[in-house]
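Read the figures in this text as sums done on the coordinates, not as results from a lab. Computed from a prediction, not measured in an experiment: that's the story for all the values here. Glycine gets a Cβ as well: all are built from the backbone with ideal geometry, and neighbour counts include every protein chain shown.
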Amino acid sequence: MLPGDVVNGDAIRVDAKAQSIVKQFDKGGKPIAVICHGGWLPISASIVSGCTLTSWPTSQDDIRNARGTWVDEEVHCDCNLITSCKPDDLPAFNKVIIEALSEQKKAA
């Protein structure tokens, strides 16, 4: 679960260790849950190319510039990424995260 908010997203995206962790999760096919501006970390980790994500609307150019596709949806799942737009979407976002983690547990 990656934190949202402009300040959090901006601070964590430049952290090499955080980028490495996200890349490892992606390589391992593990779910990566991202809300709001949290998408900046996967962008900086170079894992969004070819994937479709949602986010806070002002991040859509960043997603497109990283060769991802941006959609305006409450929650969107693609390429191990579970993405959501804003705090109002938390109930739907949480539901999808729980479902993804349950699937991971069954597969283990």
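The table below lists the values:
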read-out: Orphan Cys of the chain, criterion: no other Cys C-beta under 4.7 Å; value: C36, C77, C85
read-out: Antiparallel DSSP beta bridges within the chain, percent to nearest 5; value: 35
read-out: Net length gained if the chain between A18 and I98 were fully extended (0.36 nm per residue, minus Cα distance); value: 26.6 nm
read-out: The chain: DSSP helices with Cα axial extent of at least 24 Å and average Kyte-Doolittle hydropathy no lower than 0.0; value: 90-107
read-out: Per-residue [θ]222 nm for the chain (sum of -39500 (n - 2.57) over DSSP H runs n ≥ 4, rounded to 500); value: -13000 deg cm²/dmol
read-out: nm² value of the averaged projected area, convex hull over the Cα atoms of the stretch 1-85; value: 4.4
read-out: For A33, distant residues with modelled amide H under 5 Å away; value: L2, I82
read-out: Extreme residue, positive dipole direction of the stretch 49-107, given options P57, G68, C85 (C-beta unit charges); value: G68
read-out: Cα-centre dipole for the chain with unit charges at Cβ (Lys and Arg positive, Asp and Glu negative), debye to 20; value: 540
